[in-house]
Amino acid sequence: MRNRLVTIFGGTGFIGRHVVRRLAARGLRIRVASRNWRVHGRVLQPMGEVGQIVGGPVDLGDESALAALLAGSDAVVNLIGILYETRRQRFAEVQGELPGRIARAAVAAGIARMVQISAIGADPGSSSAYARSKAQGEENARAALAAVVIMRPSIVVGPEDGFFNRFAAMARLLPALPLIGGGETRFQPVWVGDVADAIVAALEREDARGQTYELGGPKVYSFAELMRYMLQVVGRRRLLVPLSFELAMLQARVLELLPTPPLTRDQVELLKTDNVVGADARTLADLGITPTPIELVVPDYLARYRARPAKFAES
C-alpha cells in the first residue's frame, strides 16, 4: 500500500487521527474531508511528510462532491458517526444512508478496498435507533461493495475518549455517580490504537476483504466495575448510586434537550444490552493484533483528573 492514496471520512475525529498517524507512517498519501480544515490540518499535517495529508470541506450529500473526493484513491475508510441526534444530523442519514452512498461512489471510482466502522450491537431489530442505523449502514455499504470490511468496536478508550474522560470530569464535581440499570451492563473496552491498527490491517490483508470483525479488549467489565476502576485511577471516593432504567429514561428525556446532551433515551436503550465481542466473531486476533489491557493506557491520560493530596501545615 506504500504511496497509495487513502481517502478517510471522519479522519479528524478520535479514531481518525490515530488511523491517519499509522497510515502516514507507512508512507501512504491521505486525503481527509474536514469542515474546518485550517484547524484540523494543523493537527493532522505533522503526522506525515508534507503533502501526504490534504483535504477540504465537502458536502457528503452531494454525489459529485463524493466522486471528486474519491478520484484517484486506492482505498476508503468511513469513520463518520454520531452519538446523539440533532435537527441537522439524524442516525438514519449519517449512519444508515451515508455508508452506502460512500460505497457506491467508491465502486464508481474503481476502488475495491473499503473499511466501514460500525459498532458491537448493530442490529436491525434493536430497540435503539443508534444500533438500527449502524446495522443499516453495514447493509447499505455491503450491498454496494461486497468486499467492504466491517469493524464493530466495543467502547473505544483513549486520550480523547468520551467515556472515561466524561465520568472522571463528573467525579471532580459530583459527590455521586449514577449506575444506570444497576451498573450490570457488560462492556469490553478496546484501546483506540488497537482499533486503528485493525483498520490498517484490514486495508492491507487480502483475507480481510468482505469480513466483519468485532473489536474488544482482553477483558470484560461491568459498568459498575469500570466506574470503580476510574475512581481508583483518579484517586477519588464517590458514591455509586444504582439508577433503574425507568428513572434513567425520565432523566434522559430532560437531558437530551441540552445542546450537548450527557444522556439520551436512546443511549439508555443501548445500556440494556451487553456490549461484548460475540463468541463466534472474528476479532483483533484474526488480524494479528494482541489487544491492549486498558490498565496499561488509561492511567496515563486520566492523570489530569487525579485528586491532589491534601497539604497539612507543620505544627
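The values are calculated or read from the model by the stated rules, or taken from the named source; none is laboratory data. Bear in mind the structure is a predicted one, so any value in this text is a computation, not a measurement. Cβ coordinates were reconstructed from backbone atoms using ideal geometry, including for glycine residues, and neighbour counts include every protein chain displayed. Side chains are part of the model used for accessible areas, which takes the heavy atoms of the whole protein and leaves out ligands, DNA and RNA. Shrake-Rupley method; radii C 1.70, N 1.55, O 1.52, S 1.80 Å.
Being part of a strand (DSSP E or B), touching a residue at least 40 places away in the same chain (Cβ under 8 Å) and open to solvent by 20 Å² or more (accessible area, probe 1.4 Å): is that true of Pro242 here?
Numbers: part of a strand (DSSP E or B): yes; touching a residue at least 40 places away in the same chain (Cβ under 8 Å): yes; open to solvent by 20 Å² or more (accessible area, probe 1.4 Å): yes.
So Pro242 passes the test.
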> Can Ala224 be described as closer than 17 Å to Leu79 by Cα, in contact with a helix residue (DSSP H, G or I) (Cβ under 7 Å, 6 or more places away or on another chain) and either open to solvent by 10 Å² or more (accessible area, probe 1.4 Å) or part of a helix (DSSP H, G or I) (or both)?
Replying inline: no
>> So, in the range 278-287, how many residues would count as being among the aliphatic types (A, V, I, L, M) and either surrounded by 15 or more Cβ atoms within 10 Å (Cβ to Cβ) or within 26 Å of Arg172 (Cα to Cα) (or both)?
In response: 3
>> List the helices (runs of 4 or more DSSP H) inside the range 103-218, counting only whole elements, that have at least 3 residues being within 14 Å of Asn78 (Cα to Cα) and open to solvent by less than 50 Å² (accessible area, probe 1.4 Å).
In response: 129-144, 192-204
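Among what's in the range 289-315 and is part of a loop (DSSP other than H, G, I, E, B) and in contact with a helix residue (DSSP H, G or I) (Cβ under 7 Å, 6 or more places away or on another chain), pick the residue that is modelled with the lowest pLDDT. Show your work before the answer.
Just the residues of the range 289-315 that are part of a loop (DSSP other than H, G, I, E, B), to begin with: 289-293, 297, 302, 306-315.
Filter once more, keeping what is in contact with a helix residue (DSSP H, G or I) (Cβ under 7 Å, 6 or more places away or on another chain): 289, 291-292, 302, 306-307.
On the way: Ile289: 98, Pro291: 98, Thr292: 98, Leu302: 97, Arg306: 93, Ala307: 82.
It comes out as Ala307.
What number of residues within the range 246-277 satisfy the criterion of being open to solvent by 50 Å² or more (accessible area, probe 1.4 Å) and assigned to a helix (DSSP H, G or I)?
Residues of the range 246-277 open to solvent by 50 Å² or more (accessible area, probe 1.4 Å): 246-247, 250-251, 253-260, 262, 265, 270, 272-274.
Right, trim to assigned to a helix (DSSP H, G or I) and you get 246-247, 250-251, 253-255, 265, 270.
Within the range 246-277, residues that are open to solvent by 50 Å² or more (accessible area, probe 1.4 Å) and assigned to a helix (DSSP H, G or I) number 9.
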